[in-house]
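The block underneath contains the structure these notes are about, expressed in C-alpha cells.
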C-alpha cells in the first residue's frame, strides 16, 4: 500500500547519512543532503533549511537514490551533474567523473598564464573526458582559445553536451577533437602556450586502490595506464613537446603515488626545464609542471 503521508525531511536525511556511512561512503552527510536537494529540485544547500518534508513521491525517490548510493553508484551519476570550480558539468555512465584534486591543477594553470602575462593564450586539454579542464580554462582565462582532445567517442559525447551547455551560458567556444594524444592537433605544432592534462594513471596492478565508485563505474579507458601507470603520461610528454612553442608550459596530473616517477618522465626527456612537482589542497603529490625550452 502506497503511503500518502509526507516524510519529515531532517530525520530522513539523518537516516540516509547513517546508511551511507555504514556502506563506507566517504562523505555520507554531504551525499545525503545532495540527494535530498536533487529530489527537491533545490540549487543551494541553504535551501534545505526552508523545507520541512518530502511528499510521498519525493520520499520514494529519495529512498531509491540513497539505496543506489549505498551500493556505491557515484553521487554524480545519480544527480547527473558535478560542480567543478565555477562550473556545473553534466556527467554519467561512460565518462570519468571529475575529482576535486584536479582543481589544484587548473588553479596553477590559471595563475601561470596570469604571471606570464599572456593575453590571448592558445591552450590544449589532452585526455579531456567531460571537458572539465578545457571548460574551466575557457571560463577563467580571458581571451584563451582552448582545444580539447579525447580519444573515446563515448566520453566525447559528454564533452559535446557540456560544450553546448557552456556556449548557451555565454562561455567562449571550446574546440573539440576526437583522437589519440600521440598524433593529436596536426598543423598546430609549436604554437601552444599551455598544455594541460589529467590522463589515465592507474597501474594495471593497482586494481585494489581505487574506490568502488571509480573501479566499477568510471570507464577503464580513463583509468588504466600500463604496468607503472605512466604509459599515457609518457604520451602526453611527447605530445606537449611537439605542440608547445618555446617557453610554453605543461601541467600534468598524476596519482599521489607518482610524485617522483611522473616528474622523471619530463626530467629524463630533452628540452624540458624547471620540472617541478606540486601537491594538491590535501598536501598529496598531485601534478607536475615544466617549461618547453628546446
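The values are calculated or read from the model by the stated rules, or taken from the named source; none is laboratory data. The shown structure was predicted, so the numbers you read here are calculated from the model rather than taken from an experiment. Cβ sites come from the backbone with ideal geometry, for glycine too, and all protein chains shown count toward neighbours.
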Residues satisfying the stated conditions in segment 141-175, i.e. part of a loop (DSSP other than H, G, I, E, B) and surrounded by fewer than 22 Cβ atoms within 10 Å (Cβ to Cβ)
142, 143, 151, 152, 169, 170, 171, 172, 173
Going through segment 62-77 in order, the residues found to be over 11 Å from residue 213 (Cβ atoms) and buried (at least 17 other Cβ atoms within 10 Å of the Cβ) are 62, 63, 65, 66, 70
Which of the residues spanning segment 60-79 are in contact with a helix residue (DSSP H, G or I) (Cβ under 7 Å, 6 or more places away or on another chain) and free of Cβ contacts under 8 Å to residues at least 40 places away in the same chain?
61, 65, 68
Let me spell it out: the conditions are (1) surrounded by fewer than 17 Cβ atoms within 10 Å (Cβ to Cβ); (2) part of a loop (DSSP other than H, G, I, E, B), and residue 95 meets all of them except one. Which number is the exception?
(1)
Out of the residues in segment 115-139 that are surrounded by fewer than 18 Cβ atoms within 10 Å (Cβ to Cβ) and touching a residue at least 24 places away in the same chain (Cβ under 8 Å), which is farthest from residue 237 (Cα to Cα)?
119
Regarding residue 47, is this residue in the same structural domain as residue 14 (by TED's automatic domain parsing) and modelled with pLDDT of 90 or more?
no
